[in-house]
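Comments concern the structure below.
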Amino acid sequence: MSRLKTSIWVAGYLRRCQGAGMFGAVRRRGAEEAGAVFVKIALMNGTAMLFVPAPQTAYDDSHPMERAFIPSPPQAVDEQVIEARLAKEIGFDPDVWIVEIEDKEGRHFLDIAKT
């Protein structure tokens, strides 16, 4: 089964978040076809959560998902920690997408992989 282009997935994800009253934006546009997507959820109090692509081993053929994520780290941390991690990811993979959502409740609407 082929996956949606990353650009289409990101557009749909932002529409879902904005439809729930959350502000969201693409901070960095990566490869149109298959760039990795990192989602930062800013909690509006100086902390944030980061959701990164799940490893391939997290995908289950019996319940395929378009894209699955894992929180990294597993709890909210100072935004500077998240920003440092994102800078490293950009250095490692220039095709990476970064999407930022602002939501005090920490809602994300992502499929979380069971690890």
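The values are calculated or read from the model by the stated rules, or taken from the named source; none is laboratory data. This structure is a prediction, so every number in the text was calculated from the model and none was measured. Here the Cβ is made from the backbone with ideal geometry for all residues, glycine too, and neighbour counts use every protein chain on show. What goes into the accessible areas is simple: the full protein's heavy atoms, side chains included, and nothing from ligands, DNA or RNA. Shrake-Rupley method; radii C 1.70, N 1.55, O 1.52, S 1.80 Å.
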So, in segment 65-92, how many residues would count as being surrounded by 14 or more Cβ atoms within 10 Å (Cβ to Cβ), charged (D, E, K, R) and either within 23 Å of ARG3 (Cα to Cα) or within 10 Å of the chain's Cα centre (by Cα) (or both)?
2
Checked segment 1-39 for anything aliphatic (A, V, I, L, M), within 21 Å of SER72 (Cβ to Cβ) and touching a Lys or Arg at 6+ places or on another chain (Cβ under 8 Å); matches are MET22, ALA34, VAL37
What's the total number of residues in segment 40-52 that are open to solvent by less than 30 Å² (accessible area, probe 1.4 Å), out of contact with any Lys or Arg (no Cβ under 7 Å at 6 or more places or on another chain) and aliphatic (A, V, I, L, M)?
3
